[in-house]
Amino acid sequence: MRRPLIAGNWKMNTTVDEAVILTRDMLPGLKAISNIDRVICPPFISLQRVSEIVKDTAVAVGAQNMYFKEKGAFTGEISPLMLKSLCKYVILGHSERRQFFGETDDIVNEKLKAALATGLLPIFCIGESLQENEAGKTREILARQVTGGLKAISANKDIVVAYEPVWAIGTGKAATGDQAGRTIEFIRGTLASTWNSEIAQSVRILYGGSVTDANIAEFVREPHIDGALVGGASLKASDFIEIVRQTAALKQ
Ligand code: 13P
């Protein structure tokens, strides 16, 4: 049995004060739900404050990115070592990083290796663009992202994969549960051929892209979908708690 996981990616939203308020608002509700991993991913500058607030609870904190070097002359970057004391998870290879900041499969691969070597749990994002989807290239792109991202990384069930079709992110046009379920089954098959089927069955794969409290059930009813990576709806405490609550209930 794979333990369900819901992660909130706050993206470039919330000042430190707002992050503190949002964390305090959602913490009681999140704490009250069990048998599910709950992760919140605020901006870097709020990681310290947020991690202090959730300390000694089952709510975990994640970063949204990191560089792959431990330290050095890399102005403006944050290293895995710096994150290690502040958070448990790190989102890597998000499509916004690929699209706006030039991250390639090779860079994502370096980041995945560095995160694992430091003991951070990566949430490894993959997903096809609208153009790739319309050209019927979804599976080809996803297979390339999986094999490229995991190059020279040995089988590891601690990696969490997030399938986020780019056309569904922030658009209000989520995939259907069936569509996402079939694509995630394909991704699991790619993991099986990259590693082995036992590990592929143990790796958690999330869906992301316009997830709300109104559609989460459709996704987590799918046997291959283990939870969600939530953007916009994770910025509203009550919506995020409701997404976690429904997932925990449906994955009993
Ligand atoms: P939205 O839920 O806002 O579509 O964002 C999804 C996402 O990119 C999470 O990482």
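Numbers at a glance
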quantity	calculated
Selection from segment 1-36 of residues that are within 16 Å of the ligand (Cβ to nearest atom) and out of contact with any helix residue (DSSP H, G or I) (no Cβ under 7 Å at 6 or more places or on another chain)	L5, A7, K11, M12
Single residue of segment 205-240 satisfying the filter (open to solvent by 30 Å² or more (accessible area, probe 1.4 Å) and away from the ligand (no atom under 15 Å from the Cβ)) that is nearest to the chain's Cα centre (by Cα)	H224
Members of segment 178-204 that are part of a helix (DSSP H, G or I), open to solvent by 30 Å² or more (accessible area, probe 1.4 Å) and either of a type in the set (D, E, K, R) or within 13 Å of the ligand (Cβ to nearest atom) (or both)	D178, R182, E185, E198
P122 vs. criteria surrounded by fewer than 17 Cβ atoms within 10 Å (Cβ to Cβ), modelled with pLDDT of 95 or more and not basic (K, R)	no
Hits in segment 120-177 - residues which are more than 18 Å from T190 (Cβ to Cβ), within 16 Å of the ligand (Cβ to nearest atom) and assigned to a loop (DSSP other than H, G, I, E, B)	S129, I169, G170, T171, G172, K173, A174, T176
Check on A152, at positive phi, modelled with pLDDT of 95 or more and exposed (fewer than 15 other Cβ atoms within 10 Å of the Cβ)	yes
Pair list, Cβ < 6 Å and 6+ apart or interchain, from segment 182-209 residues that are among the acidic types (D, E) to residues that are open to solvent by 10 Å² or more (accessible area, probe 1.4 Å)	E185/H224
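The values are calculated or read from the model by the stated rules, or taken from the named source; none is laboratory data. Fair warning: this is a prediction, and the values are worked out from it, not measured in the lab. Don't worry about glycine lacking a Cβ; one is built from the backbone with ideal geometry, like all the others, and counts go over all protein chains shown. Areas reflect the complete protein model, heavy atoms only, side chains present, ligands, DNA and RNA absent. Shrake-Rupley method; radii C 1.70, N 1.55, O 1.52, S 1.80 Å.
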